[in-house]
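First up is the structure itself, then whatever we jot down about it.
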Amino acid sequence: MKTLACLGAAACLLISVAFSADTAPTANKLVIHADSGKSTINRNIYGHFSEHLGRCIYEGIWVGENSPIPNTRGIRNDVVAALKQMHIPVLRWPGGCFADEYHWKDGIGPREQRPSIINTHWGGVVENNHFGTHEFLDLCEQIGTSPYVCGNVGSGSVQEMMEWVEYMTSDANSPMANLRRKNGREKPWKVPYFGVGNESWGCGGGMRPEFYADNFRRYNTFVKNYPGSQVYRIACGANGADYHWTEVMMDQVGRGMNGLSLHYYTLPTGNWGRKGSATDFTEDQWHATFRQALRMEGLLTRHSEIMDKKDPEKRVGLVVDEWGTWYDVEPGTNPGFLYQQNTLRDALVAGITLNLFNNHCDRVKMANIAQLINVLQAVILTDKEKMILTPTYHVFEMYAVHQDATLLPADLQVADYPGGTEKVPGLSVSASRDKAGKIHVSLCNLNPNAPAEVTCELQGAKTQKVSGRMLTASEINAHNTFDRPEVVKTAEFSSAKSTAEGFTATLPPKSVVVLEIE
Ligand code: AHR
């Protein structure tokens, strides 16, 4: 049986397929073109998203200055340290659906005077606005990440959006800049990324693309570049496979936007009414989850093709600013809080999705997994003063070596991983060369029953030394808990060997491995 697969902007190939037998290693061949890298993997592909939703902002990030939990100006120190360690490049805020009902002036000035509102999208809970513009931008400064602020098109005015940008980024003697100074911040912040609405086809206003395109043009006109500030404007993009939305936006806005977003979530069942458990699942559901996650390849290819028609130079970035797994909430938790556990399965979804983004980095300029803490596919979970790192965290930390590196095209002959009458490629790969000249190869073996033997030819480079790290566990649903926080953690990977042509490696079943080649 043969399958066609593409890796990297330039490399498409025919794959010979060998079906895996339980426990017998699968055979996989890889050719990395170390001499023909052209595109840079934008560091922002490794971005994150934090919404006023459940316990992401409150408890996850913000505990307040008087909390017994160690904090700096109200922001948890343990979380800041973990995010720095993960090298988070960009953080989107305040939503999500929340963004289109957020009025930023509610969240500035003395905290005790800020109005409380009801968070109507997410659980109907009271939002006291204690975490607002100053607190978010302080968080970004503490972790050393770029802010990506999403403005309110759905229920906010053009003036409100214009004034927010002025408040944050202008150094003039002007009303909003002076209001910021009065609130304790003399110099403007850098806000390099600004979203003009969120899911304007849905919770952000139920608009048709033609109507949104006009709204984008109008609101965006008043998102000013003040001296010293250059804002990258991101328009609301398609819901998954809504290619018509992309067609209309490219026709009617085109290069008037810098980025066009795309949202796609992985539901194991594909059914919003019964998504499936985060931790209690069978191998069939494990396989189905990867089939759903791998749909991202087709979405990236097709949206890029549409964008290519109007923008062949690829100046408009595809910004996948919401992606990740979405399961039924953990039993006993508020259904509006979207709290879910995170297992080795999530680590593999992260690994294969990040490989896809790397391989499409000629068009994909940013991506933001949903969401940072305690919501959906989180990298961190908290319970009062306790904090744990999820398997997904470890993948982001391991893959950080790809940030701003040059993508190296790769051809892959890979064994399938069959599941019932379906199959997926058993191995996912991307490769890059960093500024110091080191080559990194990230590989995911989706098969939980068989190791994957990889024979790699490295064209245009010599392998002196190969080392690596891996993430795996004994069970497919292995996860970290507050009582057992290190069930899934990284380990040294020593089974890779350099050869005259490149290297060989045997990946354990159900593992993520990142190799470093010098
Ligand atoms: O991430 C959760 C929600 O999913 C966001 O608020 C919304 O944009 C999307 O539908």
Considering only strands (runs of 3 or more DSSP E) wholly within the stretch 440-518, the ones with at least 3 residues that are surrounded by 17 or more Cβ atoms within 10 Å (Cβ to Cβ) are 452-459, 466-471, 502-507, 511-517
Of the residues in the stretch 284-299 that are open to solvent by 70 Å² or more (accessible area, probe 1.4 Å) and among the charged types (D, E, K, R), the one that is farthest from A241 (Cα to Cα) is D284
Requested in this report: Kindly indicate whether A82 is closer than 19 Å to P147 by Cα, away from the ligand (no atom under 16 Å from the Cβ) and either open to solvent by 50 Å² or more (accessible area, probe 1.4 Å) or in a helix (DSSP H, G or I) (or both).
Outcome: yes
Can you find even one residue in the stretch 261-274 that is in contact (Cβ under 8 Å) with a residue 12 or more places away in the chain, basic (K, R) and assigned to a loop (DSSP other than H, G, I, E, B)? yes
**Message:** Yes or no: the stretch 94-107 includes at least one residue that is under 20 Å from W164 (Cβ atoms), more than 14 Å from the ligand (Cβ to nearest atom), in contact (Cβ under 8 Å) with a residue 60 or more places away in the chain and open to solvent by less than 40 Å² (accessible area, probe 1.4 Å).
**Reply:** yes
Discussion item. Looking at the stretch 203-210, can you tell me whether even one residue there is open to solvent by less than 30 Å² (accessible area, probe 1.4 Å) and either within 16 Å of the ligand (Cβ to nearest atom) or within 15 Å of D311 (Cβ to Cβ) (or both)?
Written reply: yes
From the option list G74, G54, single residue qualifying as within 16 Å of the ligand (Cβ to nearest atom), among the small types (G, A, S) and in contact with a helix residue (DSSP H, G or I) (Cβ under 7 Å, 6 or more places away or on another chain) is G54
Scanning the stretch 297-349 for residues that are of a type outside the set (F, W, Y) and assigned to a strand (DSSP E or B) gives G317, L318, V319, V320, D321, E322, G324, T325, T343
Note: among N66, N77, N71, just one is buried (at least 18 other Cβ atoms within 10 Å of the Cβ) and at pLDDT 95 or above, namely N71
Expected output for the stretch 360-387 (first residue among the hydroxyl-bearing types (S, T, Y), partner within 16 Å of the ligand (Cβ to nearest atom) and assigned to a strand (DSSP E or B), Cβ below 7 Å, 6+ apart or cross-chain) is T382/I373
Of the residues in the stretch 297-329, those that are within 16 Å of the ligand (Cβ to nearest atom) and not aromatic (F, W, Y) come to L299, V319, V320, D321, E322, G324, T325, D328, V329
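Hey, could you check the stretch 108-135 for residues that are part of a loop (DSSP other than H, G, I, E, B) and of a type in the set (S, T, N, Q) and say which is nearest to the ligand (Cβ to nearest atom)?
T120
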Against the definition (farther than 30 Å from A293 by Cα and out of contact with any Pro (no Cβ under 6 Å at 6 or more places or on another chain)), how does Y226 come out, yes or no? yes
Here the residues within the stretch 7-42 that are surrounded by fewer than 20 Cβ atoms within 10 Å (Cβ to Cβ), modelled with pLDDT of 50 or more and either over 26 Å from T499 (Cβ atoms) or within 16 Å of the ligand (Cβ to nearest atom) (or both) are D22, K38, T40
Residues that are farther than 18 Å from V319 by Cβ, more than 21 Å from the chain's Cα centre (by Cα) and open to solvent by 40 Å² or more (accessible area, probe 1.4 Å): does the stretch 238-247 have at least one?
yes
Sole miss for H121 among (1) open to solvent by 10 Å² or more (accessible area, probe 1.4 Å); (2) over 27 Å from G206 (Cβ atoms) is condition (2)
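The values are calculated or read from the model by the stated rules, or taken from the named source; none is laboratory data. All values reported here derive from a predicted model rather than from experimental measurement. Methodologically, a virtual Cβ is constructed for each residue, glycine included, from the backbone with ideal geometry; neighbour enumeration extends over all protein chains shown. Ligands, DNA and RNA are stripped out before the accessible areas are found, and what is left, the full protein with its side chains, is counted by its heavy atoms. Shrake-Rupley method; radii C 1.70, N 1.55, O 1.52, S 1.80 Å.
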